Amino acid sequence: MLISLYSQTDREGQASIAAFLDTFQRPGWADGRNVRIEYRWGDGDPERAKTAAAELVRSAPDAIVVAGGPFLDELQRLTSTTPIVFTQVGDPVAAGFVSSLARPGGNVTGFQAFEPAMGGKWLGVLKEAVPNLSRAAVLFGSDSGPVVAYLRTVEAIAPSLGVAVTPVDVVDSGGTERAVAAFASQPDGGLIVLPHHKT
């Protein structure tokens, strides 16, 4: 397993491992009994995670589990034969990791981390909470395909809810702060902050 975002002592990383092991044991697999699991920790450092990915591939495992697109990209560059199972990847098809979700092809498969329709659902919940809502600013990152897909569904559902959408690209913190402040100066507005991560 390549745990790229955490160090071995981080509670979040340990919680992820515990959840994985709990699920893994249900069909009878147990680390040290009928399977051996090796962990490599990236500590949130891209260079360290790249080194950990190379170590994993060199160890010739039966399979590799990885969370996140950048490290999946590195593993895919390093091996085309070792099976790789990914999690937390926004849009694996658009990112070029798999040819389709139903038939991924190659040595990579996994779980898509987003559903674009949620963007429209978030706007609907906001309108439900604030019935007089007529405007919504949406913070998004244009450098992330999945995040842009969320924005598109917000924009698609907005007319049916009578809401005007103002996209705010989070390209720099100063510009984002000014845009949100300007938006907040008018009444009947709400804010949607989309998850911002690169594929």
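FYI, it's all coordinate maths here, none of it is from the lab. As the structure is a prediction and not an experimental result, all values here were calculated from the model. Glycine also receives a Cβ, built like all others from the backbone with ideal geometry; neighbour counts cover every protein chain displayed.
Take the alpha carbon gyration tensor of the stretch 118-193, find the square roots of its eigenvalues, order them as a ≥ b ≥ c, and report rounded if a/c is under 1.5; if not, report prolate when a/b exceeds b/c, else oblate. Oblate, because a/c is 1.5 or more while a/b does not exceed b/c. Springs between alpha-carbon atoms under 10 Å, Gaussian network over the chain: tell me which of Ala54, Ala158, Ala30 tops the mean-square fluctuations. Greatest mean-square fluctuation among the candidates belongs to Ala30.
Volume per residue of the convex hull around the Cα atoms, evaluated for the chain, comes out as 153 Å³.
Charged neighbours of Phe86, selected by a Cβ distance under 13 Å, balance to -3 (K, R count +1; D, E count -1).
If the stretch 1-59 were replaced by its equivalent ellipsoid, with semi-axes equal to the square roots of 5 times the Cα gyration tensor eigenvalues, what would those be, largest first, whole Å? Intermediate values should be presented prior to the final figure.
Values: eigenvalues 98, 44, 9 Å².
For the stretch 1-59, the semi-axes come out at 22, 15, 7 Å.
For the residues Ile64, Ile37, Ile157, a GNM of the chain with alpha-carbon springs under 10 Å puts the largest fluctuation on Ile37.
Long hydrophobic helices in the chain: the complete DSSP H runs spanning 20 Å or more by Cα along their own axis with mean Kyte-Doolittle hydropathy of at least -1.0 are 11-25, 145-161.
Using a Gaussian network for the chain with springs between C-alpha atoms less than 10 Å apart, which of these wobbles most: Leu139, Leu161, Leu72? Of Leu139, Leu161, Leu72, the Gaussian network model singles out Leu161 as fluctuating most.
Its Cα gyration tensor gives the stretch 2-112 an equivalent ellipsoid. The semi-axes, each the square root of 5 times an eigenvalue, are 21, 17, 14 Å from largest down.
How much length is gained on full extension from Thr81 to Ser7, taking 0.36 nm per residue of separation minus their Cα-Cα distance?
Additional length available on full extension: 23.9 nm.
Taking a virtual spin label 7 Å from the Cα of Val35 along the C-beta vector, which residues in the stretch 73-114 bring their backbone nitrogen under 16 Å of it? The answer is 83-87, 109-111.
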